[in-house]
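The values are calculated or read from the model by the stated rules, or taken from the named source; none is laboratory data. These numbers come from a predicted model, not from an experiment. A quick note on method: Cβ atoms are made from the backbone with ideal geometry, for glycine too, and the neighbour counts reach across all protein chains shown. For accessibility, only protein heavy atoms count, side chains too; no ligands or nucleic acids. Shrake-Rupley method; radii C 1.70, N 1.55, O 1.52, S 1.80 Å.
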Amino acid sequence: MDHKIIAHGNNHYEVELGHGNLHVYANPEIFQSFESRVYEMADNNLRIPRNVYMGYTPDAHVGVGTCIGTTAVWNMKDGIVSPSIVGVDIGCGMRVHTTSLHRSDIQDKAVRRALITAIEKYVPTNERTNSHYADIDIMNVVQYGLKGLPASYVPNERWLTHVEESDFQYDHAFLEHLPPKIRKNAQGQLGSLGSGNHFIEIQYLELNEEHQELAAKWGLFDGQVVVMIHSGSRAWGAMVGREYNKVLKESMRLWGVSNPDPNLIYAPIVSQEGQTYLNLMYSSLNFAVSNRHMIAFGVQEAFREVFGSGMETPVLYDLMHNYALKEFHRGQPMLVHRKGATRALPPKHFLNTPAYKETGHPALIPGSMGTSSYIMVGREEGLKNFYSICHGAGRTRSRRATKEMVTVDQFEQSLKVGSEDEVMVNHRSLETILDECPQAYKDVDQIIDSVVGASLADVVAKCKPMAVIKGI
DNA sequence: ATGTAC
């Protein structure tokens, strides 16, 4: 397919497709690597009426119905909501906790092994292992988010304030639409990691010299040990997504609405079906943020076991990259879908959570296993992409293709196994998580270069991996 | 992604 491309400069391209224009933020190298399939998908998404804006971040790649890396906006009054443009793992996101430790404190491999073992004791990493928080009623959690947790699981006020949202408000009456077994499936999963690309990583920081002052304000220092968590809404969000893909698909058939891609599902925001999905999506966001909170609670317990009961692991921030949020833009309420896209608000922006109003909030971007992650901050210019930046490196090949192509030996080499700087992993064998090797992902440094070059955000700190806990 | 699957 040939498309007219407008190059705006500064890693910003506008691609004219059959049904509207797609904005792409990528450096020339990444831009050239996009396959035509991602443009076909964007064009199918642009067929949905009254789209206000659609953009790709540089980590964009093919997903179900809609590419991962999409920001898509409609007006609340005449727009649509789409489970396909939210993504299957509703509320999937990132969280970072800081420590007072320096990397030299955990350079000893025995210490890092002890931390991995302790974390696995407090955070279930096997699919069917329940968390031991039987005293938490998940119905309180899905209704009131972090405010639904018993006080004994909230170490201090900061854990409620340094998050993108602690309590997503919605009409709880919609919970009656859910199948009863969702409760049984999700109960016991709170505080568990999940599998796939989810992880807990122990990292050390390399501060960007140009943002030392901001880093200090955020409590960050060079060489600091931090913990990065990537997880989502587990069975709760998966069941909401699956159920409403079915329901909305049937509604589209009844309404006579169709799209060339049968996997692209959507409904008017004002319709009963759209309202039901939207409200139940918020229940999943409450589960997701609470899940990461409880994982972090377990991680703090583990650090206390290794370093003493006085150990504190303050939360830096928690934010999501799979959701649709009502936001005010251009003076109007709009529904901003971010599927594999991270909000990065600039300093002073009114949408910032109060704790980060002055500085802008930390935007947490994971790399692939064994490569760097990043802590960034949004810029004013990010407005052009509705303040969305990348959500990570972005896959470059499928799980199956990766397993056929990469060997366990190559994976071990990329983790520097055997050396002092080895990225230690909880799994005895890397065979089971081979599809998560760095060779399956784009080069995260190129992705970050694209975002910085497009003036969407700046790097505050680079996070280098020292130990990783993966689920199965 | 998912206590996977019309």
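Taking K and R as +1 and D and E as -1, what net charge do the other residues with C-beta under 9 Å from the C-beta of A:Ile5 add up to? If you can, show how the numbers build up before the last one.
Values: positive: A:Lys4; negative: A:Glu14, A:Glu16.
Local charge sum for A:Ile5: -1.
Over chain A, what is the mean sequence separation of C-alpha contacts under 8 Å (at least six apart), divided by residue count, expressed as relative contact order in percent?
Details: 1076 pairs, mean separation 113.0, N = 472.
Taking the mean separation of contacting Cα pairs over the length of chain A, I get 24 percent.
If ligands, DNA and RNA are left out, what is the accessible area of A:Tyr374 with a 1.4 Å probe, given in Å² to the nearest 10?
Only protein atoms counted, so the area is about 10 Å².
What percent do you get for the relative contact order of segment A:91-181 when only Cα pairs under 8 Å and 6+ apart count? Write out the running numbers ahead of the final one.
On the way: 29 pairs, mean separation 14.4, N = 91.
Relative contact order here is 16 percent.
What Kirkwood radius, in Å to one decimal, follows from the Cα pairs of chain A?
Details: mean 1/r = 0.0447 Å⁻¹.
The Cα-based Kirkwood calculation yields 22.4 Å.
Can you give the Rg and Dmax of segment A:347-422 based on its C-alpha atoms, in angstrom?
Considering segment A:347-422 through its Cα atoms, Rg and Dmax are 18.0, 49 Å.
With a 1.4 Å probe and every protein chain left in place, tell me how much accessible area A:Glu431 has, in Å² to the nearest 10.
110
Out of the total accessible area of chain A (probe 1.4 Å, heavy atoms of protein only), what percent is carbon and sulfur? Kindly include the intermediate steps, with their values, before the conclusion.
Numbers: 8900 of 18190 Å².
C and S fraction of accessible area: 49 percent.
I need the P(r) histogram for segment A:52-118: all alpha carbon pairs, bin width 10 Å from 0 out to the longest distance, whole percents.
Whole-percent P(r) values from 0 Å outward: 15, 30, 16, 20, 15, 3.
Tally Lys/Arg at +1 and Asp/Glu at -1 over every other residue whose Cβ is under 11 Å from the Cβ of A:Ala363; what's the total?
Details: positive: A:Arg343, A:Arg379; negative: A:Glu164, A:Asp458.
Once positives and negatives cancel, what remains is 0.
Between A:Asp421 and A:Glu14, what length in nm is gained on full extension when 0.36 nm per residue of separation is reduced by their alpha carbon distance? If you can, show how the numbers build up before the last one.
Numbers: separation 407, 0.36 × 407 = 146.52 nm, distance 4.24 nm.
Contour length minus the Cα-Cα distance gives 142.3 nm.
If you average over every viewing direction, what projected area does the convex hull of the Cα atoms of segment A:23-156 give, in nm²? Before the final figure, lay out each step's value.
Details: hull surface 54.5 nm².
Taking the Cα atoms of segment A:23-156, their convex hull projects to 13.6 nm² on average.
Just to check, using Stokes-Einstein with a Kirkwood Rh over alpha carbon pairs, what's the diffusion coefficient of segment A:290-331 at 4 °C and 1.567 mPa s in µm²/s?
Numbers: Rh = 12.9 Å.
The diffusion coefficient I find is 100 µm²/s.
Please compute the net charge surrounding A:Gln413, taking Lys and Arg as +1 and Asp and Glu as -1 over other residues with Cβ under 14 Å from its Cβ. Walk me through the numbers on the way to the answer.
On the way: positive: A:Lys416; negative: A:Asp409, A:Glu412, A:Asp421, A:Glu422.
Net charge in that neighbourhood comes out at -3.
Please report, in cubic angstrom per residue, the volume enclosed by the convex hull of the alpha-carbon atoms of segment A:103-191. Please report the intermediate quantities before stating the final value.
Details: hull volume 12.2 nm³, N = 89.
It comes to 137 Å³ per residue, whole-number rounded.
I need the calculated FRET efficiency for the pair A:Arg400 and A:Arg128, taking r as the beta carbon distance and R₀ as 25 Å, to the nearest 0.05. Present the calculation step by step, with values, prior to reporting the outcome.
Numbers: r = 24 Å, r/R0 = 0.95.
For R0 = 25 Å, the calculated efficiency reads 0.60.
In chain A, what percentage of the DSSP-assigned beta bridges are antiparallel, given to the nearest 5?
Working: 72 of 76 bridges.
Taking every DSSP beta bridge with both residues in chain A, the antiparallel ones total about 95 percent.
If you line up the Cα atoms of segment A:26-68 on their principal axes, what length do they span on each, largest first, in Å?
Taking the Cα atoms of segment A:26-68, the three principal extents are 32, 20, 14 Å.
In Å³ and rounded to a whole number, note down the convex hull volume per residue for the Cα atoms of segment A:114-273. Don't skip to the end; give the middle numbers.
Details: hull volume 31.0 nm³, N = 160.
Normalising the Cα hull of segment A:114-273 by residue number yields 194 Å³.
Skip the ligands, DNA and RNA, and give the accessible area per residue of chain A with a 1.4 Å probe, whole Å².
Working: 18190 Å² over 472 residues.
Using a 1.4 Å probe on heavy atoms only, each residue of chain A averages 39 Å².
Return the distance in nm (one decimal) between the two label points of a simple spin-label model at A:Lys181 and A:Arg304, each offset 7 Å from Cα along Cα→Cβ.
Going from the A:Lys181 label point to the A:Arg304 one covers 3.8 nm.
Starting from the amide H of A:Cys390, placed 1.01 Å from N in the peptide plane, find each other amide H under 5 Å away whose residue is 5 or more places distant or on another chain.
Counting only residues 5 or more places away or on other chains, the set is A:Thr342.
For chain A, give the magnitude of the charge dipole about the Cα centre (Cβ charges: +1 Lys/Arg, -1 Asp/Glu; no others), in debye to the nearest 20. Write out the running numbers ahead of the final one.
On the way: 45 positive and 53 negative charges, 234 e Å.
Roughly 1120 debye for chain A.
For segment A:216-307, restrict the atom set to alpha-carbon positions and state the Rg and Dmax in Å.
20.0, 62
Viscosity 0.890 mPa s, temperature 25 °C: what is the translational diffusion coefficient of segment A:288-413 from Stokes-Einstein with a Kirkwood Rh over Cα pairs, rounded to a whole number of µm²/s?
Values: Rh = 17.4 Å.
The Stokes-Einstein estimate is 141 µm²/s.
Give me the distance between the Cα centres of segment A:316-331 and segment A:105-162, rounded to whole Å.
24
At q = 0.22 Å⁻¹, what base-10 log of I(q)/I(0) does the Debye formula yield for segment A:340-382 when every alpha carbon is treated as an equal point scatterer in vacuo?
Rounded to two decimals, the profile gives -0.69.
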